[in-house]
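Notes to accompany the following structure.
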Amino acid sequence: MVTFFRNLAFSYAFLAIFLSAGIGVFLGVESFGINYGQVANNLPQPDKVLELLSTLNLTKTRIYDTNPQILTSFSNSNIEIIVTVENEILSQLDDPQQALQWVNSRIVPYLPETKITGVQVGNEVFTDDDITLIEHLVPAVVNIHNALAQLGYSNIKVSTPSSLAVLDQSYPPSAGSFKSEISGIMYQFLNFLSSSKSPFWINAYPYFAYKDEPNGISLNYVMFNPNAGMVDPYTNLHYDNMLYAMVDAVSFAIAKMGFKGIEVRVSETGWPSKGDANEVGATPMNAATYNRNLLRRQMAGEGTPLNPRMRLEVYLFALFNEDLKPGPTSERNYGLFRPDESMTYNVGLSALATSSATTSSSSSISLASSGTKIKVKSLIIKFFFIIVLVT
């Protein structure tokens, strides 16, 4: 019990140091968001999650459903939220009337108070074990888009996130190409994105590549640490990290399908802090390093080597550890925070605060409110008082 309170107090103390300096933890970086998964039985209530996001100055999040409690709790806040159509109901949305009904019941009641900015139709549908889902994807996407436009909400962008497994080739990036078996439906989907000016979202995890080949892939390269990197022999573009190479491989694949101007964004990336014995690299130190370095890149407003002037939009996975997620241990340990809102590990907020001094004004730095500072400081005092009592 003493350890629990000490860790929780440390977490709030760490936050308060930077809030009291007038610096938001994530500095309101416009291109950065976080995934708020809910596959757990011990997470804080949505209103508490909103407080946490606000304290961190995070203004973008993504959920994997249209949870009414979350959408209600996030109303009248500055949080932009992307919602998701569950894979299980895609087939129903082949019918335009069903899609209109879904939008009317799942989206419209929360607008405009809740800032819903996007709808993700399914998750990794192109590579789902249920191969019949892919047949319903494009009709569902089009019908949801049309329903939103019909109701006056064409500003809400519709897309779907894909895993990197949609690529047949990804190395070097210029060799990026989609798998032939999905090329027909992928062309239809890209045609929709092009006409609606919606982004292509990719779930990109350098961790998986490193885990599968730790002796052949440089840890520094996947971690954004200083390294020699690699040069694409066909474009002469230099890559100093794997995430940017993954994103550009998708951009090249899109171009090979005959499309230009479709922005590629990262719907998920992250690093687990714990894993099974065969999950090489899943440690708190590596997770902290990956996420810290990613945040530094985000604060610098970087683009990829192929699109250096377009700031890469990234959603980190994830806000919380989720204890009910199936699969290996790593799946339950991607969170920056534990369900009790204590930090899973030190992301390196001091380094982030230091680097912010050299960040240009275009990074949209937002300062924490005095009310937030007082609240966090009050929590620190209470928790340190409890520690003194129990020790």
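Share of the stretch 134-268's accessible area from carbon and sulfur, percent, 1.4 Å? Display every interim value, and only then the final one.
On the way: 2740 of 5640 Å².
C and S atoms contribute 49 percent here.
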When the solvent-accessible surface of protein heavy atoms is calculated with a 1.4 angstrom probe, in what order do Thr55, Thr61, Thr117 fall, highest first?
Thr117, Thr55, Thr61
For the stretch 148-191, what value does the Rg/Rh ratio take when both radii are computed over Cα atoms and Rh is the Kirkwood radius, given to two decimals?
1.15
Identify the GluC sites (Glu not before Pro) of the stretch 42-105 meeting these criteria: DSSP loop state and at most 14 other C-beta atoms within 10 Å of the C-beta.
Glu86
How would Met343, Met285, Met257 line up by accessible area, probe 1.4 Å, largest first?
Met285, Met257, Met343
What does the charge count around Val85 come to, taking other residues whose C-beta lies under 11 Å from its C-beta (Lys +1, Arg +1, Asp -1, Glu -1)?
-2
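Which net charge results for the neighbourhood of Tyr290, defined as the other residues with beta-carbon distances under 12 angstrom from its beta-carbon, given Lys and Arg at +1 and Asp and Glu at -1?
+3
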Greater than 22 Å apart at Cα, pairs in Lys60/Lys211; Lys274/Lys325; Lys60/Lys260; Lys197/Lys256
Lys60/Lys211; Lys60/Lys260
Once the whole set of protein chains is in place, how much accessible area is left on Thr235, using a 1.4 Å probe, in Å² to the nearest 10?
50
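The values are calculated or read from the model by the stated rules, or taken from the named source; none is laboratory data. Since the model is a prediction, treat every value here as computed from it, not as a measurement. Note that we place each Cβ from the backbone using ideal geometry, even for glycine, and neighbour counts take in every protein chain shown. Side chains included, ligands, DNA and RNA excluded: accessible areas come from the protein's heavy atoms. Shrake-Rupley method; radii C 1.70, N 1.55, O 1.52, S 1.80 Å.
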